[in-house]
Amino acid sequence: MKKGWIILIVVIVFILIAISWISGKYNGFVTLEEGVNQGWAQVENVYQRRADLIPNLVETVKGYAGHEKEVLVGVTEARAKLGGQVNIGSDVLNNPQAFQKFQQMQSGLTQALQRLMVVVERYPELKADQRFADLQKQLEGTENRIAVERRRFNEIVQSYNTTIRKFPDKMFAGMFGFLEKQYFKAQEGADIVPQVKF
């Protein structure tokens, strides 16, 4: 009878240790995933800041370079394509196609802004305008923030993805539905320096 109680106690202790270990793994995955979600929210935040600056920038340029309609329309259209998709939620991180589409739209806006800045070079009086100079500084600062937040996001994703792919975490991550997240990657052709011709 005494031997039966000892076996029962050992089994109960083993079960409690296993439950504690598994719940620790699960909670670790949750913490890492929330870090990824927070990093993504920061990326969306700086993209939103950029999207909010664009109408003011376009209006300022329009006053000086109104006949550069094609470029101005291009910037406006690129921003409009984003529509309400600047902040699309962290669900996109589990969907490679949606993530790539989001990244392509942001890249399109970046390219349109680069074309706008090339046009600005033709108008010294615009470059001298204090309002434009302030907006340009804010936009440059925002672009730097985007780069920083994307780098931080990729670091967080790397930590998360590495953890859920290691053994034995991989078994538990799959069992609990923790999926690999997407990285920001350079767009095709980003390694080619654009040629600016006047």
Along the charge dipole of the chain, which of PRO124, ALA18, TRP40 sits closest to the positive end, that is, farthest toward it, with unit charges on the beta carbon of Lys, Arg, Asp and Glu (+1, +1, -1, -1)?
ALA18
On the formula 1/(1 + (r/R0)^6), with r taken between the Cβ atoms of GLU140 and ALA98 and R0 of 25 Å, the FRET efficiency rounded to 0.05 is 0.30
What dipole magnitude, in Debye to the nearest 20, does the stretch 107-157 give about its Cα centre under +1 on Lys/Arg Cβ and -1 on Asp/Glu Cβ?
120 debye
Take each of the peptides 162-173, 97-108, 40-51, average the number of other beta-carbon atoms within 10 Å over its residues, and list them starting from the highest.
40-51, 97-108, 162-173
Once all Cα-Cα distances of the stretch 104-144 are split into 5 Å bins that start at 0, what whole-number percent is in each one?
6, 21, 26, 28, 13, 5, 1
Please give the charge dipole size of the stretch 41-176, origin at the Cα centre, charges +1 on K and R Cβ atoms and -1 on D and E Cβ atoms. Round to the nearest 20 debye.
380 debye
Fully extended contour minus Cα-Cα distance, from TRP21 to SER159, at 0.36 nm per residue
47.7 nm
Considering the options ALA133, ILE164, VAL148, tell which one lies farthest towards the positive end of the dipole of the stretch 41-176, charges being +1 on Lys and Arg and -1 on Asp and Glu at the Cβ, about the Cα centre.
ILE164
Length gained when the stretch GLU121-THR76 is fully extended (0.36 nm per residue, less Cα-Cα span)
14.3 nm
Can you tell me the orientation of helix 96-120 relative to the chain, as the angle in degrees between its alpha-carbon axis and the longest Cα principal axis, to the nearest 10?
20 degrees
With angles folded into 0 to 90 degrees, how steeply does helix 130-165 sit against the dominant principal axis of the chain? Use alpha carbons for both and round to 10.
20 degrees
In whole Å and largest first, what semi-axes does the C-alpha gyration tensor of the stretch 41-176 yield when each eigenvalue is scaled by 5 and square-rooted?
38, 15, 10
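Bear in mind that the values in this text are calculations on the coordinates, not laboratory data. Predicted model, so just to flag it, every value in this text is computed and none were measured. Every residue, glycine as well, gets a Cβ built from its backbone with ideal geometry; the counts of neighbours run over all protein chains shown.
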